[in-house]
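> The structure follows.
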Amino acid sequence: MSGADSLTIVTSAGVPLAKRWTAAGTVEAVAHAWQFEPVTYPVNGLHELAGLLKGMEGAHCSALIRGKFIGHEAAALLLPDILAAANERRARQQQEKLTTTRALKPDHVPRVTALFPDQPLHTLMIDIDDFKPVGIDPVADPVAAIQAYIRLVLPAGFHGCSFYWQLSGSAGHPCCAGKLKGHLWFWLETPYTSMDMKAWGKPVPGLDVSIYQPVQLHFTAGPIFDKGVSDPVPVRSGLHQGLRDDVPLALTPEVLAASAARQQGMTAAGEQRKTAAREPGADPGDKGGWHGAFCRVYRPEDLADLEPGEFAESGERDGRFDWIGHAAAGVFITDDGHRLISTHNTAPTGQNMPNNTFDFVRLHNYGHLDEGMGEDVSMTKRHSYTAMVADIKKKHPEVVAEYETWRAAERSAPEDDFGGLEGDGTPGGEAERPAGTSCAAGPMTEQAAVDLINQAHFVAPLAGAMTIWHEGTNPETGMHSVDPIPAPSLALKYAPYTARVPGPKGAIKTAPIVDVWTRSARRREYPGGVIFDPETPTRSGCYNTWRGFSIEPKAGDAGPMIEHIYMLCHGAAEHAEWLLNWLAFTVQRPGTRPEVAVVLRGNRGTGKGSLCNLILTLWGPHGLHITQTKHLTGNFNAHLRATRFLFVDEGYWAGDKAGEGVLKGLVTEPTIAIERKGVDVTTAINRLAIVIAANGEWVVPAGADERRFFVVDVSAARAQDHAYFGALKAWIDGNGAAIFLHHLLQRDLTGFNVRSAPKTAALDRQKIEAMPALDRWILELLDTAAPLPQAGGFGVFPDEDDTDGGWTEEPQRLGCTAASAAFDRYCRQAAVRGVRPDSRAIGKRLQEVFECGPAKPARCGAPSPGRAWTLPGITRAREMAAKTFGLDHYVWAQV
């Protein structure tokens, strides 16, 4: 356990802190509350945090904040000044003396930083807003959607970690269809302050850092439903158990330095804001971002030019604008000349409320777009703000130029604090990610250096040598990856960074942080090596690359895929059920090789890929799709190291003897020889479950006693049936993969022998394709029941003078010389190369197949003199050949 947190629960004075679903079909935003009763609650670890959050879901007036309450005794000393300042602001905003002032209920305090200073916490909440996962319904399968978000947005250290999730109060409403909206709670290995997390998250695209403030409400309550309104969301929260419960997040020295600088700047800025609050002449044009740029270009006196259709300058008094129609009220410029005050009863922010020109125009033109948005929504995420910025870009090039000038100056200047009300960044208010990562400024501590490199690197043996490994995420697929890297590569990556270390005689010196990490006893190390073991996720001293299934199983109707498998198997229940059980075995026993590969042979467009691609989806990084045989049988095969499900698309082994041995070994052998470029060969446990799909005639090297392959010649009944496959795809995209995984995990495998696959007619055809030329010649003799060559025949169908007629039920003689000539002709006709018509080899094989004994001379006076073999009658001969060749379903021609 990495330590405990003291979380602050704040409860309003009866104001709900939850969204409300109304009978009219709308979702009302969270109400505004200003006074709260604080309670400190200790939690130690993610599971205790999850228990707290679960309990708070029904507390509709409570929420969490990151700041730590200073206590009522200390708060009592500060409250008079805090309340006086608040009432002064209200009076100034309304341009009149208040007749009433805000009063606090017993044990209640306002939510201000002075009473709730920042504190380091292991608890981290990620706010997910409007993330659209591809192919996943975030309401029906929230965990899969959240995992997609984690893979695409959060750093590698978060991948595979446990988390508690809560969908937002509006999740499930039609206005949020297809969008993931919710809170994601993690437990960090190292505690950090709100300012630390804000500095860390600022460069991360898609991460909302506005929530990282000591007094920012973290809403925890579930939504409130009016009478007669039902919740459309099946499950709104839950704990997802990952491979570890704490996130190994180590902030870089730059981030920590930026956090400290911003904290110092915020303190100074706070004093400036207090002064500005007393002196209302602060110019909004001094702000940054779009807000300041607009206010610098358009001063309050430009209102008539900005909104010519609504306002006109008044002739009665300077600084006044009238609504067209000369209403009895209008808009006034404040005495300081910086803001506008509307006295009209349709004023967007209420009468007598001062606004700068940006906000006045924004609210006047687009304020209606914010209906339903709560007070907690930051300025730059409001619909009115987005519309305003879009309008500026379209109609006000001079403001765009002013913004670009400000932005260029910002890039060249040291970072300041987090900005004012908006937190403006790039157009639209999104944080801009720097083009490159800046290098370290000053030396860090030894602990910080080790924590930094530990975040994505560790040491483990490879082929007997201690090796540095990098743990990360494939930027294209978003899947987890673990790869060995050379030591110089790590040194280059961290070359700009140094750490303070003890020197001689108590002096402090600096050293490269890679050197510090290499020598540290705290470096991340796995002496047992890197393994792939799905059935034993935690093995002491080992780094396990197993990451589980990529989606969470979900109960539902798996009928569409089951019916599809039956269709592929021509409706044969024995074959379809065995294939379903084989698939179930691979997920129920993910660490055990089935020792039988599935072969789906058939034309394109028949549905082989629909099944295989769905199974690939289940396995995530442990599923591999290859389209070239060399990727399976070639020398360099490190990609098989952490693979469970292997889909070989359009694979075939037509006479490839070297590849044949490799393939058979991958199907049945207990270990695999893994070879990386430049690294000695290592041995790994073979956990492969292989499916081969192809449309060629000869797909796999099946022998007479073959037990490695379950072969199906798939049905073409649905070939190019676009309506059928469209419906199947819609089912798969709508949680079909999760439903099918649930079906496979729940499937009863009692009595199922995965190593005893049905012997299919399709397997017979693969055996025939793989037969040596001599066996195929014998098979053709039997199949056609042709007259056997006895003396001088030159083929399967010799001249009548050389035969006694067709192969009947009577024993038949096959002349040695004639057989050699017939086999030679067969090979030439079939373009078989490298085969000699050797009568001794022919005789040996005939004895193995028909138990006929050696060739004997003909009886004296026989019409066909010379040595010959005596073979059984046609029926018995076919039975013996089918047994020898392993043909269980071969259909012979009629005699």
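> May I ask you to list pairs of residues, at least six apart or on different chains, whose Cβ atoms are under 9 Å apart, with the first in the stretch 725-744 being under 11 Å from Gly559 (Cα atoms) and in contact (Cβ under 8 Å) with a residue 60 or more places away in the chain and the second being aliphatic (A, V, I, L, M) and not in a helix (DSSP H, G or I)?
Between residues of the stretch 725-744 that are under 11 Å from Gly559 (Cα atoms) and in contact (Cβ under 8 Å) with a residue 60 or more places away in the chain and residues that are aliphatic (A, V, I, L, M) and not in a helix (DSSP H, G or I), the close pairs are Gly736/Ala558; Ile739/Ala555; Ile739/Ala558; Phe740/Ala558; His743/Ala555; His743/Ala558.
> If Leu251 satisfies every condition in (1) at pLDDT 70 or above; (2) under 45 Å from the mean Cα position of the chain (by Cα); (3) assigned to a helix (DSSP H, G or I); (4) surrounded by 15 or more Cβ atoms within 10 Å (Cβ to Cβ) but one, which is the exception?
(3)
> Return the total of residues in the stretch 456-471 being touching a residue at least 60 places away in the same chain (Cβ under 8 Å), touching a Ser or Thr at 6+ places or on another chain (Cβ under 9 Å) and crowded, with 20+ Cβ neighbours inside 10 Å.
2
> Just checking, does the stretch 139-148 include any residue being in a strand (DSSP E or B), at pLDDT 90 or above and either among the hydrophobic types (A, V, I, L, M, F, W, C) or within 27 Å of Pro42 (Cβ to Cβ) (or both)?
Taking the stretch 139-148 and keeping what is in a strand (DSSP E or B), we get none.
No, the conditions are met nowhere in the stretch 139-148.
> Find all pairs meeting these conditions: Cβ atoms under 9 angstrom apart; at least six residues apart or on different chains; first residue within the stretch 190-204 and surrounded by 20 or more Cβ atoms within 10 Å (Cβ to Cβ); second residue in a strand (DSSP E or B) and among the aromatic types (Phe, Trp, Tyr).
Trp200/Tyr192
> I need the full set of residues from the stretch 481-508 which are part of a strand (DSSP E or B), in contact with a strand residue (DSSP E or B) (Cβ under 6 Å, 6 or more places away or on another chain) and not small (Gly, Ala, Ser), in order please. Break it down into steps so the answer makes sense when it comes.
The first filter runs over the stretch 481-508 and keeps only residues part of a strand (DSSP E or B), leaving 481-485, 498-502, 508.
Applying the additional criterion that residues be in contact with a strand residue (DSSP E or B) (Cβ under 6 Å, 6 or more places away or on another chain) yields 481-485, 498-501, 508.
Correct list: Val482, Asp483, Pro484, Ile485, Thr498, Arg500, Val501, Ile508.
> Out of (1) basic (Lys, Arg); (2) under 30 Å from Leu462 (Cα atoms); (3) in the same structural domain as Leu452 (by TED's automatic domain parsing), the odd one out for Arg547 is which?
(3)
> While we're here: Identify all residues within the stretch 683-724 that are without any contact (Cβ under 8 Å) to a residue 24 or more places away in the chain and part of a strand (DSSP E or B); write none if there are none.
Within the stretch 683-724, just Thr683 meets the criteria.
> Is the stretch 37-47 home to any residue that is small (Gly, Ala, Ser) and either more than 32 Å from the chain's Cα centre (by Cα) or part of a loop (DSSP other than H, G, I, E, B) (or both)? Write out each step before concluding.
First, the residues of the stretch 37-47 that are small (Gly, Ala, Ser): 45.
With the extra rule that they be either more than 32 Å from the chain's Cα centre (by Cα) or part of a loop (DSSP other than H, G, I, E, B) (or both), the set shrinks to 45.
Within the stretch 37-47, one or more residues are small (Gly, Ala, Ser) and either more than 32 Å from the chain's Cα centre (by Cα) or part of a loop (DSSP other than H, G, I, E, B) (or both).
> Under the condition of being touching a Phe, Trp or Tyr at 6+ places or on another chain (Cβ under 9 Å) and assigned to a helix (DSSP H, G or I), which residue from the stretch 68-125 is modelled with the lowest pLDDT?
Per the criteria, the residue is Ala86.
> Just need a number here: residues in the stretch 539-570 that are touching a residue at least 12 places away in the same chain (Cβ under 8 Å) and in a loop (DSSP other than H, G, I, E, B). Working first, answer last.
Keep residues of the stretch 539-570 that are touching a residue at least 12 places away in the same chain (Cβ under 8 Å), which gives 540-558, 560-562, 564-565, 567-570.
Right, trim to in a loop (DSSP other than H, G, I, E, B) and you get 540-541, 545-558, 569-570.
Of the residues in that region, 18 qualify.
> Give me the residue from the stretch 523-534 that is over 22 Å from the mean Cα position of the chain (by Cα) and assigned to a loop (DSSP other than H, G, I, E, B) and, out of that set, surrounded by the fewest Cβ atoms within 10 Å (Cβ to Cβ).
Restricting to residues being over 22 Å from the mean Cα position of the chain (by Cα) and assigned to a loop (DSSP other than H, G, I, E, B), the top hit is Pro527.
> So, one more: Could you list, ordered by first residue, the pairs with Cβ atoms under 7 Å in which the first is in the stretch 1-30 and over 12 Å from Phe225 (Cα atoms) and the second is of a type in the set (Val, Ile, Thr) and part of a loop (DSSP other than H, G, I, E, B), at least 6 apart or interchain?
What qualifies is Leu17/Val30.
> For Ala465, indicate whether it is at pLDDT 85 or above and either in contact with a Gly (Cβ under 7 Å, 6 or more places away or on another chain) or in the same structural domain as Phe358 (by TED's automatic domain parsing) (or both). Talk me through it step by step, then tell me what you get.
Numbers: at pLDDT 85 or above: yes; either in contact with a Gly (Cβ under 7 Å, 6 or more places away or on another chain) or in the same structural domain as Phe358 (by TED's automatic domain parsing) (or both): no.
Spelling it out, it is not the case that Ala465 is at pLDDT 85 or above and either in contact with a Gly (Cβ under 7 Å, 6 or more places away or on another chain) or in the same structural domain as Phe358 (by TED's automatic domain parsing) (or both).
> Let me ask you something else. Which pairs do you get when a residue that is assigned by TED's automatic domain parsing to the domain that holds Trp619 and over 17 Å from Arg524 (Cα atoms), found in the stretch 148-163, comes within reach of a residue that is β-branched (Val, Ile, Thr) and part of a loop (DSSP other than H, G, I, E, B), reach meaning Cβ atoms under 9 angstrom, with the pair 6+ apart or on two chains?
none
> Of all residues in the stretch 688-706, count the ones that are more than 14 Å from Asn637 (Cβ to Cβ) and buried (at least 16 other Cβ atoms within 10 Å of the Cβ).
Initial filter on the stretch 688-706 (more than 14 Å from Asn637 (Cβ to Cβ)): 689, 691-706.
Filter once more, keeping what is buried (at least 16 other Cβ atoms within 10 Å of the Cβ): 689, 691-695, 698-703, 706.
Selection size over the stretch 688-706: 13.
> Residue by residue through the stretch 350-383, note down the ones that are part of a loop (DSSP other than H, G, I, E, B), at pLDDT below 75 and surrounded by 16 or more Cβ atoms within 10 Å (Cβ to Cβ).
Applying the first criterion (part of a loop (DSSP other than H, G, I, E, B)) to the stretch 350-383 yields 350-353, 356, 371-378, 382.
Filter again for at pLDDT below 75, leaving 350-353, 371-378.
If the condition is that a residue be part of a loop (DSSP other than H, G, I, E, B), at pLDDT below 75 and surrounded by 16 or more Cβ atoms within 10 Å (Cβ to Cβ), then Met353, Gly374, Asp376, Val377, Ser378 are the ones that fit.
> Checking the conditions here, which among Leu64, Leu7, Leu53 is crowded, with 20+ Cβ neighbours inside 10 Å, in a helix (DSSP H, G or I) and at pLDDT 90 or above? Give the steps one after another, and end with the answer.
Details: Leu64 fails: in a helix (DSSP H, G or I); Leu7 fails: in a helix (DSSP H, G or I).
Step by step, each of Leu64, Leu7, Leu53 is checked, and only Leu53 is crowded, with 20+ Cβ neighbours inside 10 Å, in a helix (DSSP H, G or I) and at pLDDT 90 or above.
The values are calculated or read from the model by the stated rules, or taken from the named source; none is laboratory data. None of the values given here were measured: they were computed from a predicted structure. No Cβ is skipped: glycine too gets one built from the backbone with ideal geometry, and neighbour counts run over all protein chains shown.
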